[in-house]
1. Does any residue in segment 283-309 that is more than 23 Å from V322 (Cα to Cα) come within less than 7 Å, Cβ to Cβ, of a residue that is outside any helix (DSSP H, G or I) and among the aliphatic types (A, V, I, L, M) six or more places away or on a different chain, and which pairs are these?
2. If you check S295 against the conditions, is it under 18 Å from L12 (Cα atoms), of a type outside the set (A, V, I, L, M), crowded, with 20+ Cβ neighbours inside 10 Å and over 17 Å from the mean Cα position of the chain (by Cα)?
3. Considering only residues of segment 121-155 that are assigned to a helix (DSSP H, G or I) and β-branched (V, I, T), which is farthest from S295 (Cα to Cα)?
4. Across segment 100-120, which residue is nearest to N75 (Cα to Cα) among those that are assigned to a helix (DSSP H, G or I) and in contact with a Ser or Thr (Cβ under 8 Å, 6 or more places away or on another chain)?
5. Out of the residues in segment 203-234 that are free of Cβ contacts under 8 Å to residues at least 40 places away in the same chain and more than 30 Å from S49 (Cα to Cα), state the one that is surrounded by the fewest Cβ atoms within 10 Å (Cβ to Cβ).
6. On the basis of being without any contact (Cβ under 8 Å) to a residue 60 or more places away in the chain, in contact with a Gly (Cβ under 9 Å, 6 or more places away or on another chain) and on the phi < 0 side of the Ramachandran plot, does R81 make the cut?
7. Residues being within 20 Å of H144 (Cβ to Cβ) and small (G, A, S): count how many of those fall in segment 214-254.
8. Using beta carbons and a limit of 6 Å, which pairs, at least six apart or on different chains, have the first residue in segment 358-378 and more than 18 Å from L280 (Cβ to Cβ) and in contact (Cβ under 8 Å) with a residue 12 or more places away in the chain and the second one among the charged types (D, E, K, R) and buried (at least 24 other Cβ atoms within 10 Å of the Cβ)?
Amino acid sequence: MDLTKDPIPHLLKKIAVPASVGMFFNTMYYIVDNFYAGMLSSTALAGISLAAPIYFMGIAVSIGVGQGTNALVGNARGEGRQDLAEEIAGRAISFAWFSALLIGLIVLYFAADLFAVMGAEGAYIQDALNYLSIILPTLAFSAHAMAANGILNSLGDTTSFRNSLMVAFLANIALDPLLMFGFGWGVYGLAAATALTQLGSAIYLTIQVRQSQLGHCLSPHNLTPNFTQYNALFKQSLPASTNMFLIALGSIIVTSAVTRFGEDAVAGLGIALRIEQLVLLPTVGINIAVLSLVSVNFGARQFDRLEKVAFDSIKIGSAMMVIGGILVFVFARPLIALFTDDANVIEIGVGYLRVEALILPAYVLSFVSGAVLQGMKQAAIPMYFNLIRQLILPSLFIAVALVLLDTNIFGIWWSIAIASWLTVTLQYQHMRKTVKQTVLISN
């Protein structure tokens, strides 16, 4: 693929489809975890649902480094600077290890305090802590894989990551019951299976990088810490990581509000979120494709292509999310019932999914707008919008709904919907204005 010359729709398809398929298996991976946790006990299921936003706070670093790597390596390649691209790619690998180890241990240290802030009570807290005690110290495996994937994404290769996620999913089906029930490790086994499959993915993706056009990035010289390039990676990755971190904090705010409705509500939310992630998979693939295309074309000063990438991807993604929203609304009940027969848990999950069905197109606007700005080296802007969308407005609206209006749990779901649409509308307008100004200046 030539990311600066090939037709945009063709490139979106070639990059987004493998990425979406890969993320399907990634989401199924955690659905398998939910399935086996439910077999262990409803308390274990609630425990890993409670742990999910805390774990995501740790993995936010890995995701941010991967996106930052994609943007910086893509810019360097677009400028025709192969040596610089290899140096940045190599430093991204070592930077991923240092940052993930540090953040993983810090998040683990404060996990119990975070649960207290969330207002969680009951036996499921210990299951959540047991899960995190394994998964957070081994976060560097995931960070390594994400950095390697960022390198490959800058080349338009999303197939390698898809393959790694497919194999990890299949391995997890076998490892979960073996470690949980065969070895008797319970929730510890669930976390250990994740750590092992992430290590396998990191090894495989490293081999793929070695065989790519950027294979020299793995030389000892390029892996050696370099403050200048670490600083560039930090500046590009921090906003992206912060975006993911804000999503985790937003999840904590929502989960904190949901805990007041009991353990069944937490379990129902956990199941519904996994189903929502499945529906959003096409937008994740589009997001990766947009970042890859914009970063390379911005570096190559092919500014006219930026506008087409943005608007073509929004049209395609919005159409898919409208269809997905209709299907989720109609089939919400049987989907939730696949994971539990508890009537109360089912009702909670169905309520969440039917409101979220109305928000799905908003996520397309948010993901594409953020990817475009990040590829144009304006990574801080999406972070500010996410701060508003994930924290400020939901906190305000949920407080009004539950405290002032004394609503039921639907007050939480509608607070998320209103906050999302208000924010992404402004974010889209800002992205559109930025792209048009860039095109005008270049002409």
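The values are calculated or read from the model by the stated rules, or taken from the named source; none is laboratory data. Every value quoted in this text rests on a predicted model; they were computed, and no experiment measured them. With ideal geometry, Cβ positions are generated from the backbone for all residues, glycine too; neighbour counts draw on all protein chains shown.
1. From residues that are more than 23 Å from V322 (Cα to Cα), the pairs are S292/L3; L293/L3; V294/M376; V296/L3; N297/L3; F298/M376.
2. Against the criterion (under 18 Å from L12 (Cα atoms), of a type outside the set (A, V, I, L, M), crowded, with 20+ Cβ neighbours inside 10 Å and over 17 Å from the mean Cα position of the chain (by Cα)), S295 qualifies.
3. Restricting to residues being assigned to a helix (DSSP H, G or I) and β-branched (V, I, T), the top hit is I125.
4. Checked segment 100-120; the qualifying residue nearest to N75 (Cα to Cα) is A100.
5. Within segment 203-234, the match that is surrounded by the fewest Cβ atoms within 10 Å (Cβ to Cβ) is P220.
6. Here the answer is yes, as R81 does meet what is asked.
7. Counting residues in segment 214-254 that are within 20 Å of H144 (Cβ to Cβ) and small (G, A, S) gives 6.
8. none
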